[in-house]
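Colleague: Below you will find the structure I want to go over with you.
The values are calculated or read from the model by the stated rules, or taken from the named source; none is laboratory data. Quick caveat, the model's predicted, so the values are computed rather than measured. Every residue, glycine among them, receives a Cβ derived from its backbone with ideal geometry; neighbour counts consider all protein chains shown. We work out accessible area using only protein heavy atoms, side chains counted, and drop any ligands, DNA or RNA first. Shrake-Rupley method; radii C 1.70, N 1.55, O 1.52, S 1.80 Å.
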Amino acid sequence: MPRQDTTPTTAAGAAPAAARPGPPDTPGAAGPGATPRTTSAPRVGRRAEGRWGWLFVSPMVIVLGLFLVLPILMALWVSLLHWDGQSNPFNGQTEFVGLDNYRALLTRDGLDRTLFATALRNNLYYVLLTVPLQTILALALALVVNQRMLRGRGVLRTAFFFPSVTSSIAVSTIFLFLFQGSGAVNTVLSWVGVKGPNWFNDPRGVLSLLLGGLGLVDTGHPSGVLADHSFMGLSWFEWLSGPSVAMCTIILLAVWTTSGTFMLIFLAALQDIPRELEEAAAIEGVNRRQLLRHVTLPALRPVLFLVLTLGLIATWQVFDQVYVMSQGAPGNTTLTPAFLSYSSAFGEADYGQGAAIAFILLALILVMTALQRLALRERAPRFRRSR
């Protein structure tokens, strides 16, 4: 029986092009099954989109330039002048002193450098105590109110967040009444046989009191290396004496009023963690401590960096509590760079030095934020080569 040809043919009786053997592929040419190349968008269209983008954001750029960038540049120019605020600092008649304001604060012996070093010391202890305490407290509160089986979670969240929305001036005034010599705090301490100090009038350093109580240092007459060596006009004993009792009260106020805000930030991040991670950890048999260490904290790394950065910036700029509660007293043990900048400019009419203090503080905040980011960066795992 003759064999029939089953190949389909076109109307002209020829085989379709797909069934015909094509020419061999030439080097560098696209094969029959190659994906066609996608052409990039024309540059003219991208330029038009860029122009429209700048057009839409131009109002905000102009506002930021007028009210943020321009004042910063003007303040930088003022920091190079000896200006009393009574004349125009941009007409060329004000005395130009260059970096003299910065030298007086950092390198030149005198009262200005001693006061600035004292303010740095006080603020450093304020940062070292406030930032860790408020972060730990905020995270603990967030973990508590994030429990699904907890009753009254909404009430607890509101109660913990309430101090953050209260005016700092009002809270500072209340703390003045609570921590005065015959205030409520000392009254409660007297019930358990403890005589409380006169909180806002006690300039003694807490660390020096602790070392003196242990008999390691004579706080009345320090000697040795701590007294013989100094830095920026302050002896090492003064640097290491710790925050004063009055500064500890301000630290307590700051921790109480700011932990609620950071609690909400941690709470939002905790609710964003996938439940599958917790369920997988529960299947593996980990306890709550291991879950917090190996699952929760790694997932909170970006938020932890945010909270620490916000806390660092806010604590180095502390002003309102110091202004209301102490104004640097007693004995400049609650003096901070922000308040020193204010008092130099508006109290002593030395706006150049006040602006210089502000820019030194800005540089310090930028450096510490960069170091903090470097410490909290996510490190890639290291692989060892097998020999």
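Colleague: Within the stretch 255-336, considering only helices (runs of 4 or more DSSP H) that don't extend past its boundaries, which have at least 2 residues that are farther than 30 Å from Asp202 by Cβ? Talk me through it step by step, then tell me what you get.
Modeller: Numbers: elements: 275-284, 288-291, 301-316, 320-325.
Filter on the stretch 255-336 gives 275-284, 288-291, 301-316.
Colleague: Right, here's the next one. Would you mind stating whether Ser168 is surrounded by 15 or more Cβ atoms within 10 Å (Cβ to Cβ), in contact with an Asp or Glu (Cβ under 8 Å, 6 or more places away or on another chain) and polar (S, T, N, Q)?
Modeller: Details: surrounded by 15 or more Cβ atoms within 10 Å (Cβ to Cβ): yes; in contact with an Asp or Glu (Cβ under 8 Å, 6 or more places away or on another chain): yes; polar (S, T, N, Q): yes.
It is true that Ser168 is surrounded by 15 or more Cβ atoms within 10 Å (Cβ to Cβ), in contact with an Asp or Glu (Cβ under 8 Å, 6 or more places away or on another chain) and polar (S, T, N, Q).
Colleague: How many of the residues making up the stretch 195-235 are open to solvent by 90 Å² or more (accessible area, probe 1.4 Å), touching a strand residue (DSSP E or B) at 6+ places or on another chain (Cβ under 9 Å) and either small (Gly, Ala, Ser) or modelled with pLDDT under 80 (or both)?
Modeller: 1
Colleague: Quick check, is Val44 more than 30 Å from Phe339 (Cβ to Cβ), at pLDDT 60 or above, of a type in the set (Val, Ile, Thr) and loosely packed, with under 10 Cβ neighbours inside 10 Å? Full working, then the answer.
Modeller: Working: more than 30 Å from Phe339 (Cβ to Cβ): yes; at pLDDT 60 or above: yes; of a type in the set (Val, Ile, Thr): yes; loosely packed, with under 10 Cβ neighbours inside 10 Å: yes.
Here the answer is yes, as Val44 does meet what is asked.
Colleague: Something else now. Can you report the number of residues in the stretch 171-182 which are under 34 Å from the mean Cα position of the chain (by Cα), open to solvent by less than 60 Å² (accessible area, probe 1.4 Å) and not hydrophobic (A, V, I, L, M, F, W, C)?
Modeller: Going through the stretch 171-182 one residue at a time, the tally reaches 2.
Colleague: Here are some residues: Leu297, Leu277. Which one is surrounded by 14 or more Cβ atoms within 10 Å (Cβ to Cβ) and either touching a Leu at 6+ places or on another chain (Cβ under 9 Å) or of a type outside the set (Lys, Arg) (or both)?
Modeller: Numbers: Leu297 fails: surrounded by 14 or more Cβ atoms within 10 Å (Cβ to Cβ).
Checking each option against the conditions leaves just Leu277.
Colleague: Then there is this: I'd like the residue in the stretch 55-82 that is in contact (Cβ under 8 Å) with a residue 40 or more places away in the chain and within 32 Å of the chain's Cα centre (by Cα) and, out of all such residues, is surrounded by the fewest Cβ atoms within 10 Å (Cβ to Cβ). Write out each step before concluding.
Modeller: Let us first name the residues in the stretch 55-82 that are in contact (Cβ under 8 Å) with a residue 40 or more places away in the chain, namely 75-76, 78-82.
Keeping just the survivors that are within 32 Å of the chain's Cα centre (by Cα) gives 75-76, 78-81.
On the way: Ala75: 16, Leu76: 14, Val78: 24, Ser79: 23, Leu80: 19, Leu81: 20.
In this case the residue turns out to be Leu76.
Colleague: Starting from the stretch 153-164, take each residue that is in contact (Cβ under 8 Å) with a residue 24 or more places away in the chain and list its partners that are aromatic (Phe, Trp, Tyr) and open to solvent by 60 Å² or more (accessible area, probe 1.4 Å), counting only C-beta distances under 6 angstrom and pairs at least six apart or across chains.
Modeller: Pro163/Trp256
Colleague: Would you check if there is a residue in the stretch 236-253 being in contact with a Pro (Cβ under 7 Å, 6 or more places away or on another chain), at pLDDT 85 or above and not in a helix (DSSP H, G or I)?
Modeller: Yes, the conditions are met somewhere in the stretch 236-253.
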